[in-house]
Amino acid sequence: MGFNIAFVGYCVKIHLDNIFYGSGFVLNGFMVLDTVNVSINYDALIYVVQNSNTINDSNIITWHARLGHIGQDRLYRLARVGLLGSLTNEELPICEHCFAGKATRLPFGKVKRASSPLQLIHSDIYGLMNVRARHRRNYFITFIDDFTRFGHVYLISHKSEALDCFIRYTNLVENKLSTKIKALRTDRGCEYLSEKFKKFCDEKGIAR
């Protein structure tokens, strides 16, 4: 369940599970939330109205959280025009929530490419296509050599035909290049995980 927001005359009251969280009033055509006597719940990022005067409006970290974790320069700008009470010019301390929000994943390392033909083959199935190909084929399967980037495409009617296509592809390229397929990389779809597919790869010594 979400917050219950009730408009009473020119005021608004905010409740959640019978707990009073705050109120607001109309001022010059705008609905202004009451920020007097407010404490901060950093985990939920909400402001809970208290009955006691325990909040120091001159605390820069309090206003930093109230205003959605804005920067120090903007806080000073608002303070100069008298919008932040008695906020003093103090340095904004380190905010763990800001660091967490701006954190990014480290880039992936450079992928090691195959060093010879048929060392690694990529395969995937595309479909169901909106327009059928000849012989009512709704899918196609691709096999791409990682070293040469040369690919083969086979039109198929069902995903279950993946093994038959891979057998045809294997016989073709291994005979043409006089070498063996070393590894097959897929998205591990169901069509590549059947017992027959696994048995064929095991017999050929193809890693997956």
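The values are calculated or read from the model by the stated rules, or taken from the named source; none is laboratory data. On a predicted model such as this, the values are computed, not experimentally measured, just so you know. Backbone-built Cβ (ideal geometry, glycine too); neighbour counts: all protein chains shown.
Count of the range 169-183 residues, restricted to those that are small (Gly, Ala, Ser) and in contact with a Leu (Cβ under 8 Å, 6 or more places away or on another chain), is 1.
Got at least one residue in the range 155-166 being touching a Leu at 6+ places or on another chain (Cβ under 8 Å) and touching a residue at least 40 places away in the same chain (Cβ under 8 Å)?
The initial filter retains those residues of the range 155-166 that are touching a Leu at 6+ places or on another chain (Cβ under 8 Å), namely 166.
Right, trim to touching a residue at least 40 places away in the same chain (Cβ under 8 Å) and you get 166.
Looking through the range 155-166, at least one residue is touching a Leu at 6+ places or on another chain (Cβ under 8 Å) and touching a residue at least 40 places away in the same chain (Cβ under 8 Å).
Is there a residue being surrounded by fewer than 13 Cβ atoms within 10 Å (Cβ to Cβ) and closer than 30 Å to ALA79 by Cβ anywhere in the range 103-114? Before the answer, list the steps.
Going through the range 103-114, the residues surrounded by fewer than 13 Cβ atoms within 10 Å (Cβ to Cβ) turn out to be 103-113.
Add one more test, that the residue is closer than 30 Å to ALA79 by Cβ, and what stays is 103.
Scanning the range 103-114, I find at least one residue that is surrounded by fewer than 13 Cβ atoms within 10 Å (Cβ to Cβ) and closer than 30 Å to ALA79 by Cβ, so the answer is yes.
Taking the numbered list (1) modelled with pLDDT under 85; (2) in contact with a helix residue (DSSP H, G or I) (Cβ under 7 Å, 6 or more places away or on another chain); (3) in the same structural domain as LEU177 (by TED's automatic domain parsing) in turn, TRP63 passes all entries but (3). Can you name the residue in the range 179-195 that is over 27 Å from the mean Cα position of the chain (by Cα) and over 11 Å from SER160 (Cα atoms) and, of all such residues, is surrounded by the most Cβ atoms within 10 Å (Cβ to Cβ)? In this case the residue turns out to be ILE181. Answer yes or no: is there a residue in the range 180-189 that is touching a Phe, Trp or Tyr at 6+ places or on another chain (Cβ under 9 Å), among the hydroxyl-bearing types (Ser, Thr, Tyr) and part of a loop (DSSP other than H, G, I, E, B). Yes.
Report, by residue number, each residue of the range 80-132 that is within 26 Å of the chain's Cα centre (by Cα) and in contact (Cβ under 8 Å) with a residue 24 or more places away in the chain. Residues satisfying the conditions are CYS95, HIS97, CYS98, GLY101, HIS122, SER123, ASP124, ILE125, GLY127.
Any residue at all in the range 169-182 that's among the aromatic types (Phe, Trp, Tyr), under 18 Å from ARG208 (Cβ atoms) and modelled with pLDDT of 90 or more? The answer is yes, given that some residue of the range 169-182 is among the aromatic types (Phe, Trp, Tyr), under 18 Å from ARG208 (Cβ atoms) and modelled with pLDDT of 90 or more.
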